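Data block below; observations after.
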Amino acid sequence: MFKIRRIFDDALGANRSALEQVERLFLANFAGAPRSDVMGLHEKLRNPFKQRFRAVLYVAEKPSGRVEGFAILLHDPVLQFSFLDYLASDKALSGRGIGAALYERVRDEAARTGSHGLFFECLPDDPAVCPDPQLLKQNKARLRFYERYGARPIVGTAYETPVPGASGTCTPYLVFDDLGEEIPLGRAWTRKVVRAILERKYADLCPPDYVDMVVRSMRADPLRLRAPKYTPSPHHETTHPDAPLESIGLTVNDKHSIHHIRERGYVESPVRVDAIREALFETPNFELIKVKEYPMSAVLEVHDSAFVRYLQRACKGAPSRRSVYPYVFPVRNATRMPRELSVLAGYYCIDTFTPIHANAFLAAKAAVDCTLTCADDVLRGRRLAYALVRPPGHHAERRTFGGFCYLNNAAIAAHHLSKHGKVAILDVDYHHGNGQQDIFYARNDVLTVSLHGNPDFAYPYFTGFADERGTGPGEGFNLNFPLPEHLDGPRYRKTLEQALAAIEAFSPMFLVVCLGLDPAKGDPTGTWSLCAEDFEENGRLIGRLRLPTLVVQEGGYRTRTLGTNARRFFSGLIQEAHA
């Protein structure tokens, strides 16, 4: 089993390994091709328009990280065409569908970018110009395969004319795939496309007079494609521009329902996860990931050990089917901590409505495991991952809990990712992400950004002011955007754009999004009026950062619209993140 994955850069170790394997496959399959086409691939990905083409690389990859095939696509956004530069698979694995999967993904990419067609070269299947029987057999097989999609050689031109000084006569056809649109191949546009291919890709091989000769030879309007030779009725396989280019890795906290506070008015209920999960599975965008259990050391790297021990003991000792709420706050004398666990709750809690419950810690630790599993999936090269968890975490500080939160899932994951590069946390919950602010306030390798209701009227009331910008080395690396009590989608996006500009200036390697769906109209804990279209547009804006992104579920309590808003957010995110 393999998956198709896009490689955006060589920043991650998983991507560097994939690029090294692509180089080996390239050399094994294209011995006569310029080595610079693959050896400089990392630079083309980082600087996509160096050759006036946007380079796109896909790999067919085993779960172990072994690359079994690759495709390199060049896209010209001005002329609006795509050129399949190379497609190959491990020769020992022929017949396993790797080439077909890669070609179909390339077609999806070309259609999604608005290309009017996909061009590529294929060696001829004419024995008069290709006398080698083995090579001729391979050429026929390739052209037969592409013809299934309606892709056929352009005929009646001089494109197959050998370049002056070149040896041999087995020069390639120029093949065109209209991506199922059946649009005529206009002469003026095709001439521009062919000139771009010859002058940019083959600048060292094709002299100007040769390029002019080939372009002038395209006289028919529209240009003709060769009649079907192998497939009397080509399928003209339809490419869907909206098809996901890579699935979003999804973990779901399967232990979340054990944490069920049944008191009237407690809105952080199990139905929240169920509503979102059902809506997401209506789309093909998600791939469920098996959750790994992580050692407690991952939690203790972020949270105070005495606080974590208290949570474990207090939850384990809590009465069955009954919650214990803080009611005394003994913070005036930190040296004389109470012995009674129920009284001690107020020493570690920031409010009176987040209970100690028998299963709270177990559910919170399971949520951490889900989030770290997603983080590791991102480190392995996944572009987008989503931890659908409860209880939420962004109000949990280094040594306190509250706001329905016990352990800070996003902060633990961000700290984990920070060992590999800079991280930005973007909190778009209605309430301030005081947990991340507290945990990273003195650090400059993790930028914390929060958009939220002004603490003058919104929980947690004591943090989230604009002048809280970090301390020591972290000064300037904590950004708060407190917003007015009544707000619609367009006004929210103006501030979101400011926040995203700050993240872009920080140049992080990873982005962690604390996804609160409580900015929605009608949410019982918020006052804003964002609708489904607004969440989709917010997803688009965030996706345009084009960073490896981990999304962690936080608030959102209007169950009637939770699923729709989540689905629309991810629809916008995935389309832009892969652009």
Response to the item:
Cβ pairs under 9 Å, 6+ apart or interchain, first in the stretch 106-120 and under 18 Å from residue 574 (Cβ atoms), second in a helix (DSSP H, G or I), ordered by first then second residue, are 112/575
Worksheet item: How about the stretch 284-320: which of its residues are surrounded by fewer than 14 Cβ atoms within 10 Å (Cβ to Cβ), more than 26 Å from residue 349 (Cα to Cα) and touching a helix residue (DSSP H, G or I) at 6+ places or on another chain (Cβ under 9 Å)?
Response: 290, 292, 293
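Listed residues 25, 57, 41; which is of a type in the set (A, V, I, L, M), in contact (Cβ under 8 Å) with a residue 60 or more places away in the chain and assigned by TED's automatic domain parsing to the domain that holds residue 196? Working first, answer last.
Values: 57 fails: in contact (Cβ under 8 Å) with a residue 60 or more places away in the chain; 41 fails: in contact (Cβ under 8 Å) with a residue 60 or more places away in the chain.
Exactly one residue qualifies, and that residue is 25.
Only one residue in 539, 555 is within 18 Å of residue 497 (Cα to Cα) and either surrounded by 24 or more Cβ atoms within 10 Å (Cβ to Cβ) or not assigned by TED's automatic domain parsing to the domain that holds residue 373 (or both). Which one? Full working, then the answer.
On the way: 555 fails: within 18 Å of residue 497 (Cα to Cα).
Being within 18 Å of residue 497 (Cα to Cα) and either surrounded by 24 or more Cβ atoms within 10 Å (Cβ to Cβ) or not assigned by TED's automatic domain parsing to the domain that holds residue 373 (or both) holds for just one of 539, 555, which is 539.
Specify the residue that is farthest from residue 109 (Cα to Cα); the eligible residues are those in the stretch 32-60 that are aromatic (Phe, Trp, Tyr) and at pLDDT 80 or above.
Keep residues of the stretch 32-60 that are aromatic (Phe, Trp, Tyr), which gives 49, 53, 58.
Then drop every residue that is not at pLDDT 80 or above, which leaves 53, 58.
Details: 53: 14, 58: 10 Å.
Checking each candidate, the answer is 53.
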Worksheet, complete the sentence: Note on the stretch 483-502: residues free of Cβ contacts under 8 Å to residues at least 40 places away in the same chain and either in contact with a Pro (Cβ under 8 Å, 6 or more places away or on another chain) or charged (D, E, K, R) (or both) are 491, 494
Response to the item:
Scanning the stretch 12-22 residue by residue, those surrounded by 15 or more Cβ atoms within 10 Å (Cβ to Cβ) and touching a residue at least 40 places away in the same chain (Cβ under 8 Å) turn out to be 12, 14, 15, 17, 18, 21, 22
Item to complete: Could you grab me the full set of residues in the stretch 378-426 that are closer than 23 Å to residue 573 by Cα and assigned to a loop (DSSP other than H, G, I, E, B)?
Response: 380, 381, 382, 383, 389, 390, 392, 393, 394, 421, 422
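If I ask for residues that are at negative phi and without any contact (Cβ under 8 Å) to a residue 40 or more places away in the chain, which ones from the stretch 522-546 would you list? I'd like the intermediate steps shown before the answer.
Initial filter on the stretch 522-546 (at negative phi): 523-545.
Residues satisfying the conditions are 532, 535, 536, 539, 540, 543.
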Practice prompt. Would you check which residues across the stretch 172-211 are aromatic (Phe, Trp, Tyr) and over 32 Å from the mean Cα position of the chain (by Cα) and list them?
Written response: 173, 189, 202, 210
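Looking only at the stretch 389-408, filter to residues that are buried (at least 24 other Cβ atoms within 10 Å of the Cβ) and charged (D, E, K, R); which one of those is farthest from residue 437 (Cα to Cα)?
Residues of the stretch 389-408 buried (at least 24 other Cβ atoms within 10 Å of the Cβ): 389-397, 401, 403-408.
Checking the rest, the ones that are also charged (D, E, K, R) come to 390, 397.
Numbers: 390: 20, 397: 8 Å.
Here the answer is 390.
Here's the yes/no breakdown for (1) buried (at least 18 other Cβ atoms within 10 Å of the Cβ); (2) among the hydrophobic types (A, V, I, L, M, F, W, C):
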position	(1), (2)
108	yes, no
129	no, yes
138	no, no
145	no, yes
151	yes, yes
161	no, no
176	yes, yes
Worksheet item: Residues in the stretch 40-52: is at least one crowded, with 21+ Cβ neighbours inside 10 Å and among the polar types (S, T, N, Q)?
Response: no
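With the structure loaded, tell me whether residue 313 is part of a helix (DSSP H, G or I), out of contact with any strand residue (DSSP E or B) (no Cβ under 7 Å at 6 or more places or on another chain) and modelled with pLDDT of 95 or more or whether it fails that test.
Working: part of a helix (DSSP H, G or I): yes; out of contact with any strand residue (DSSP E or B) (no Cβ under 7 Å at 6 or more places or on another chain): yes; modelled with pLDDT of 95 or more: no.
Spelling it out, it is not the case that residue 313 is part of a helix (DSSP H, G or I), out of contact with any strand residue (DSSP E or B) (no Cβ under 7 Å at 6 or more places or on another chain) and modelled with pLDDT of 95 or more.
The values are calculated or read from the model by the stated rules, or taken from the named source; none is laboratory data. Computed from a predicted model, the values in this text were never measured in an experiment. Using ideal geometry, Cβ is built from the backbone for each residue, glycine included, and neighbour counts are taken over all protein chains shown.
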